[in-house]
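Since every read-out is calculated from the coordinates, none of them should be taken as a lab result. Bear in mind that the values here come from a model prediction, so they are computed numbers and not experimental data. Here Cβ is always computed from backbone atoms with ideal geometry, including for glycine, and neighbour counts include all displayed protein chains.
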Amino acid sequence: MKLADVDLVLASTSRYRRELLQRLTPRVRALPPETDEARRPGEAPAALARRLAAAKAQAVAGQAAGALVIGSDQVADRDGRVLGKPGDEATARAQLAACSGAVVVFHTAVCLLDLRGDVPVAYTAADLTEVFFRPLAADEIARYVARERPLDCAGSFKCEGLGIGLFERIASDDPTALVGLPLIAVCRLLREAGVEVL
């Protein structure tokens, strides 16, 4: 089966994820998942990302009969401390100050839920991206946050924009993972589900 013939649903309100998925096909429906994203006591960042990716896909399954549903979640991990979406400029500046000169690991998980048969089938994958921040001065951080306003981004930056200037290097197997949806993994999961991407 070809991707163009599939009802593809993205369980997300993220415009970044939707734009990434539209690289594969313009025919994408996005449905908002109603999920509690709170971290459980003692839950590792990678496990949190995997659990939330699956929870998001399952949350919209009832509205997507016969579809392929993609849920994804990303968790920024600074030495075991989860860096969420900052929400305001003060928090964004504080997060970036904490990242200055450090390595932040981004765990990006994907769950593809195949609802085309009688029994739902889940395919999962996870990506690990290491971001090496250069030392950042307070005035640089303030200027960056004021210019790009990365208030809805885990870790307080947009690597596809001006945020790339914050780094020394990025180590990853998938250049799209850091934006929020690892397309190499998504393509692999689609193939496992019997869907031709190309």
Check your understanding: If one computes the Cα centroid of segment 155-198 and of segment 31-92, what distance in Å separates the two points?
Key -> 16
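Give me Rg over Rh for the chain, both radii from the alpha carbons and Rh done the Kirkwood way, two decimal places.
In the chain, Rg relative to Rh is 0.99.
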Practice item. Have a look at 60, 22, 178 and report the one farthest towards the positive end of the charge dipole of the chain, computed about the Cα centre with Cβ charges (Lys/Arg +1, Asp/Glu -1). Key: 22
Practice item. Can you tell me the dipole magnitude for segment 133-198 around its Cα centre, using point charges on the Cβ only (Lys, Arg +1; Asp, Glu -1), in Debye to the nearest 20? Key: 140
Study note, to complete from the structure: In the chain the DSSP beta bridges are antiparallel at a rate, in percent to nearest 5, of 80
Revision key, fill the gap. The whole-number value in µm²/s of the Stokes-Einstein translational diffusion coefficient for segment 1-71, with Rh from the Kirkwood sum over alpha carbon pairs at 4 °C and 1.567 mPa s, is 100
Review point. Just 172, 72, 12 to compare: in a GNM of the chain, with alpha carbon springs under 10 Å, which one fluctuates most?
Key: 172
Exercise for review: Go through 100-112, 54-66 and give me the packing order, highest mean Cβ count within 10 Å leading.
Suggested key: 100-112, 54-66
Review point. Sorted by mean Cβ packing within 10 Å, highest first, what order do the peptides 75-84, 28-37 take?
Key: 75-84, 28-37
**Study point:** Lys, Arg +1 and Asp, Glu -1 on Cβ, resulting dipole of segment 9-91 about Cα centre, debye, nearest 20
**Key:** 360
**Study point:** Within straight-line cross-link reach of residue 158, lysines at Cα separation under 16 Å, skipping those fewer than 8 residues along the same chain
**Key:** 85
